[in-house]
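For reference, the structure is listed below as structure tokens.
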Amino acid sequence: QVQLVESGGGLVQAGGSLRLSCAASGSIFSINAMGWYRQAPGKQRELVSTITRSGNTNYADSVKGRFTISRDNAKNTVYLQMNSLKPEDTAVYYCNAKGVITRAYNVLDAWGQGTLVTVSS
């Protein structure tokens, strides 16, 4: 079974930084795309950033220039470096993996449990 485990969330003051990590496990051969989504209270889940296996990245306009996504294919891990955080970045951040190929089966879309990021003003 494919599992995604996030870490690195917490409470930070506006202007501060956090680094999120997400490790995928489960006899994985490869993962096509990995990324981060977030859901603020009372709002729908939204895309934050994605990165393909070859390193092509995509960012939501609201985080461009402040957040940086990266991944380690050998470790099946994706990171999100968040700088210049704002109170409006407060949300539960979810890790996502698309196109996961394992020894026994393939998974089109996998999600982590989420990690809470709170930015105080």
- Query: Which residues, counting only those in segment 63-84, are closer than 20 Å to T115 by Cα, open to solvent by 60 Å² or more (accessible area, probe 1.4 Å) and part of a loop (DSSP other than H, G, I, E, B)?
  - Reply: S84
- Task: Please specify each residue of segment 19-38 satisfying the condition of being under 14 Å from V119 (Cα atoms) and either surrounded by fewer than 21 Cβ atoms within 10 Å (Cβ to Cβ) or small (G, A, S) (or both).
- Result: R19
- Of residues in segment 1-18 being among the small types (G, A, S) and in a strand (DSSP E or B), the one nearest to L116 (Cα to Cα): G10
- Those residues of segment 85-121 which are assigned to a loop (DSSP other than H, G, I, E, B) and either in contact with a helix residue (DSSP H, G or I) (Cβ under 7 Å, 6 or more places away or on another chain) or farther than 16 Å from G8 by Cα (or both), in sequence order: K86, R103, A104, Y105, S121
- Task: Please indicate, with yes or no, whether at least one residue in segment 100-108 is at pLDDT 95 or above and open to solvent by 20 Å² or more (accessible area, probe 1.4 Å).
- Result: no
- Task: Just name the residue that is modelled with the lowest pLDDT out of those in segment 1-16 that are closer than 16 Å to W111 by Cβ and crowded, with 16+ Cβ neighbours inside 10 Å.
- Result: V2
- Message: Any residue in segment 14-28 that is closer than 29 Å to R66 by Cβ sitting within a Cβ distance under 7 Å of a residue that is of a type in the set (A, V, I, L, M, F, W, C) and part of a loop (DSSP other than H, G, I, E, B)? List the pairs, counting only those 6 or more apart or interchain.
- Response: A14/L85; G15/L85; G16/L85; S17/L85; L18/L85; A24/V2
- Go through segment 17-39 and give me each residue that's farther than 13 Å from N96 by Cα and at pLDDT below 95. G26, S27, I28, F29, S30
- Task: Take segment 88-121 and flag every residue that is more than 22 Å from F67 (Cβ to Cβ) and in contact (Cβ under 8 Å) with a residue 24 or more places away in the chain.
- Result: G99, V100, I101, T102, R103, A104, V107
- Query: Take the residues of segment 41-58 that are assigned to a strand (DSSP E or B) and open to solvent by 50 Å² or more (accessible area, probe 1.4 Å): which is farthest from A91 (Cα to Cα)?
  - Reply: T57
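The values are calculated or read from the model by the stated rules, or taken from the named source; none is laboratory data. The structure presented is a predicted model; accordingly, all values stated were derived computationally and were not measured. Methodologically, a virtual Cβ is constructed for each residue, glycine included, from the backbone with ideal geometry; neighbour enumeration extends over all protein chains shown. What goes into the accessible areas is simple: the full protein's heavy atoms, side chains included, and nothing from ligands, DNA or RNA. Shrake-Rupley method; radii C 1.70, N 1.55, O 1.52, S 1.80 Å.
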